[in-house]
Amino acid sequence: MAILSTPRSAVQLASKGRPLKEHLFRIALMASLAIALAFLAMLLLYVVEKGWPRLNSMLWENQPSIRRPETSGIQSGILGTLWIIALTAVMALPTGILAAIYLEEYADRTKWYNKLIELNISNLAAVPSIVYGILGLGIIARWLQFGFTVMTGAVTISLLVLPIVIISAREAIRAVPPSIREGSLALGATQWQTIYRQVLPASIPGIATGSILALSRAIGEAAPFLMLGAATLVRFNPEGVWSSFTVLPLQIYSFISRPQEEFSILASAAIVILLAILLLMNSVAIWLRNRYQKRW
Amino acid sequence: MSEIGISVPNVNVRGPEVPRTIEALDPVFTVSNLSVFYGDYEAVRGVDMTIGNREITAMIGPSGCGKSTVLRCFNRMNDLIPGARAVGEILYHDENLYGDHVDPIEVRRRIGMVFQKPNPFPKSIYDNIAYGPRVNGIKGNMDEIVEEALTKAALWDEVKDKIKQNALSLSGGQQQRLCIARAIAVKPDVILMDEPCSALDPIATTKIEDLMQELTRDYTIVIVTHNMQQAARVSDRTAFFTAEVDGAGVRHGRLVEFDETSRIFTNPSDKRTEDYITGRFG
Ligand SMILES: Nc1ncnc2c1ncn2[C@@H]1O[C@H](COP(=O)(O)OP(=O)(O)O)[C@@H](O)[C@H]1O
Ligand SMILES: [Mg+2]
């Protein structure tokens with residue numbers, strides 16, 4: 001009762017130099033962030049500035065040409081990349097999400113084979129992408145005789161992103177509170193009804209975000225395609241899953257390795273397109289996350 | 001509720017090992033020698049009790065004495081915990097609840113449950129109520145089913161204008177009544193409640209207690225509560241549980257005394273019950 005009238009308590013509540021430390025810590029945090037952002041900005045500025053002369057409609061209207069770099073485009077690469085991403089999404093997302101549902105909702109964690117699967121998935125996510133390229137070459141392109149086609153590329157990239165899709169989908173599923181499952185089961189819902197009508201709708205935003213980020217990682221990959229022995233200068237668009245193709249990172253790689261300055265400018269312009277696709281996908285992911293964010 | 005204050009000499013004739021139990025005349029559940037294990041750990045040992053039809057049975061006792069464990073046997077929610085196992089017998093009317101032919105899904109449809117923390121689904125109020133009937137394939141006019149359940153749970157007047165709003169926008173007390181309405185919507189026989197008021201303020205608690213009195217006309221209710229006054233206020237019979245350490249130094253939940261609530265609170269036959277209800281529990 002007498003707290004307000006006692007002058008001593010006011011003295012005890014006074015600060016003891018904590019704000020200064022807190023301030024320094026904040027500055028350190030912001031400096032780290034600023035460094036990261038500054039590098040990103042520099043990189044962006046550099047490629048945009050360098051590629052600027054070639055950032056026009058010829059870029060996506062024309063096919064690449066070794067003889068005329070000044071009018072050469074990257075249409076086959078853009079379409080190849082889109083084909084790969086679409087086919088990878090069709091193959092890797094359902095598989096990864098179903099695997100995540102199994103691991104989170106059905107698997108008995110005490111069984112040795114489930115432990116083994118879990119351990120392997122985390123390990124697979126850390127395997128360098130070139131190793132997947134070797135796998136794709138040996139098994140899919142040669143042994144299964146798929147050759148160097150969109151299908152081979154997409155299967156290889158699916159294997160590459162699958163562990164990431166599984167891990168992020170599991171996290172999203174795990175974030176749904178157990179009380180929601182209990183509430184559903186206690187009403188006489190079956191386990192599958194509970195998953196399909198409660199767990200999945202609640203975790204879809206998280207799953208979608210993780211999936212898009214996994215796919216956008218795949219967009220930047222060049223190593224597995226190089227390993228598969230891809231032609232770098234493909235002058236036609238893929239016409240189907242059994243068509244041969246190239247992807248943007250490979251085209252960029254082939255442009256950069258040529259001596260003419262025009263190719264180096266063209267490469268920068270292609271990098272801008274690649275980054276634009278990446279940023280577009282990531283902003284969709286961020287938008288999804290904010291739009292459907294759940295509070296419990 | 002039964003009247004309070006029948007005077008019976010406070011003598012412990014049966015000894016602490018044999019709990020004094022009064023059988024309900026028209027039992028919905030008859031529990032005999034029920035023990036519940038989590039893996040190798042026997043959490044609850046040797047429970048005998050009956051749950052009377054259209055009665056409110058309260059389960060009280062200190063934390064960790066196995067009240068929730070026993071409650072979750074009544075709708076086989078313990079089946080969902082890996083390694084959990086019930087030994088002994090629970091008859092639901094005349095059927096063995098743990099019999100081979102019994103489908104736990106069907107059990108849970110008839111025996112609803114309300115949890116400690118209100119757990120509405122992140123959907124509209126309407127969809128929360130309609131969920132149970134939908135998954136159970138109940139036919140009929142869904143609007144009517146929803147209105148009836150909300151009316152029975154004394155929530156209709158408060159939410160009828162915002163039935164399509166997200167259930168998470170309701171207050172804690174309203175959310176808990178929504179969960180009760182959700183359970184009622186599948187037309188259960190029994191409603192189990194595990195400390196349904198422990199996250200609520202006194203006014204919301206009173207509303208739930210009043211609601212329970214209403215519901216007991218149509219439903220059998222089993223409630224776990226930490227609050228002895230609540231047990232005394234709402235229940236017809238009370239089961240007092242405690243944890244006992246056996247010869248090997250392992251703690252097991254035991255049913256100490258099961259009787260009409262009036263007797264438990266005025267004239268318990270076991271010293272431990274008396275200590276607990278008078279607040280002298282160690
Ligand atoms: N899922 C579980 N796994 C293992 N032990 C459990 C589990 N749930 C409860 N127990 C144990 O069983 C005993 C009884 O718990 P509980 O039924 O929750 O008690 P109460 O509801 O009376 O507080 C406690 O010792 C608790 O640690
Ligand atoms: Mg409990």
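Where does helix A:200-219 land angle-wise versus the long Cα axis of chain A, in degrees 0 to 90, nearest 10?
Between the helix axis and the principal axis of chain A, the angle is about 40 degrees.
Could you state the orientation-averaged shadow area of the convex hull built on the Cα atoms of segment B:15-277, in nm² to one decimal? Present the calculation step by step, with values, prior to reporting the outcome.
On the way: hull surface 57.1 nm².
Approximately 14.3 nm², given one-decimal rounding.
Amide H of B:VAL47 versus every other amide H placed in the peptide plane: which residues, excluding those fewer than 5 positions away on the same chain, fall under 5 Å?
Those lying under 5 Å, H to H, from B:VAL47 are B:ASN33, B:LEU34, B:SER35.
Order the peptides A:210-223, B:72-85 from the highest to the lowest mean number of other Cβ atoms within 10 Å of their residues. Mind dumping the intermediate values first?
Numbers: A:210-223: 20.6, B:72-85: 18.9.
Ranking, from highest mean packing down: A:210-223, B:72-85.
To the nearest 10 degrees, how steeply does helix B:202-215 sit against the main Cα axis of chain B, on a 0 to 90 scale?
Helix B:202-215 and the main axis of chain B meet at about 90 degrees.
Can you run phi through the Karplus equation (6.51, -1.76, 1.60; θ = phi - 60°) for segment A:25-35 and list ³J(HN,Hα) in whole Hz, with x for Gly and Pro?
4, 4, 4, 4, 4, 5, 5, 4, 4, 4, 4
Per residue, how much accessible area does chain A show when a 1.4 Å probe rolls over the protein heavy atoms, in square angstrom? Can you show the working numbers first?
Numbers: 16580 Å² over 296 residues.
Value returned for chain A: 56 Å² of accessible area per residue.
Of all alpha-carbon pairs in segment B:155-245, indicate the percentage at a distance above 22 angstrom.
On the way: 1293 of 4095 pairs.
Value for segment B:155-245 (Cα pairs over 22 Å): 32 percent.
Taking only the alpha carbons of segment B:54-113, what extent do you get along each of the three principal axes, in Å, biggest first?
So the extents along the principal axes, rounded to whole Å, are 35, 33, 20.
What does the structure give for A:190-198 when I average, per residue, the other chain Cβ atoms found within 10 Å of the residue Cβ? Could the numbers behind the result be given before it?
Values: counts 5, 2, 0, 5, 1, 0, 1, 6, 5.
Mean shielding by partner chains, rounded to a whole number: 3.
What are the residues whose amide H is under 5 Å from the amide H of B:ALA84, where those residues sit 5 or more places off or on another chain and H is modelled from the backbone?
B:GLY39
Can you give me the Cα centroid spacing of segment A:208-231 and segment A:22-80 in angstrom?
18 Å
For segment B:48-64, just list the computed ³J(HN,Hα) in residue order, Karplus coefficients 6.51, -1.76 and 1.60, θ = phi - 60°, integers in Hz, with x standing in for Gly and Pro.
10, 6, 10, 10, x, 5, 6, 10, 10, 10, 9, 10, 10, x, x, 4, x
Springs between alpha-carbon pairs under 10 angstrom, Gaussian network model over chain A: which of A:LEU44, A:LEU278, A:LEU228 fluctuates most?
A:LEU44
Anything over 27 Å Cα to Cα? Flag those among A:LYS111/B:LYS187; B:LYS117/B:LYS207; A:LYS115/B:LYS117; B:LYS67/B:LYS162; A:LYS115/B:LYS67; B:LYS67/B:LYS164, in the order listed.
Details: A:LYS111/B:LYS187 39 Å; B:LYS117/B:LYS207 16 Å; A:LYS115/B:LYS117 32 Å; B:LYS67/B:LYS162 36 Å; A:LYS115/B:LYS67 33 Å; B:LYS67/B:LYS164 36 Å.
Violating the 27 Å limit, Cα to Cα: A:LYS111/B:LYS187; A:LYS115/B:LYS117; B:LYS67/B:LYS162; A:LYS115/B:LYS67; B:LYS67/B:LYS164.
For chain A, I need the span (max minus min coordinate) of the C-alpha atoms along each principal axis, in Å, sorted largest to smallest.
90, 53, 31
Which residues' amide hydrogens lie under 5 Å from the amide hydrogen of B:PHE29, considering only partners 5 or more residues apart or on another chain, with H built in the peptide plane?
B:ILE51, B:HIS93
Any idea of the accessible area per residue across chain B, 1.4 Å probe, to the nearest Å²?
Values: 12050 Å² over 282 residues.
I get 43 Å² per residue for chain B.
Which parts of segment B:85-128, residue by residue, lose 20 Å² or more of accessible area when the rest of the protein chains are there, as against the chain isolated (1.4 Å probe)?
Residues shielded by partner chains are B:ILE105, B:ARG108, B:PHE115, B:ASN119, B:PHE121, B:PRO122, B:LYS123.
Calculate, for B:ASN53 and A:ALA86, the FRET efficiency according to 1/(1 + (r/R0)^6) with r their C-beta to C-beta distance and R0 60 Å; round to the nearest 0.05.
Details: r = 61 Å, r/R0 = 1.02.
With a Förster radius of 60 Å, E is 0.45.
The values are calculated or read from the model by the stated rules, or taken from the named source; none is laboratory data. Please read these numbers as outputs of a predicted model, since none were measured by experiment. FYI the Cβ positions are ideal-geometry reconstructions off the backbone, even for glycines, and counts take in every protein chain you see. The area values use the complete protein model at the heavy-atom level, side chains included, leaving out ligands, DNA and RNA. Shrake-Rupley method; radii C 1.70, N 1.55, O 1.52, S 1.80 Å.
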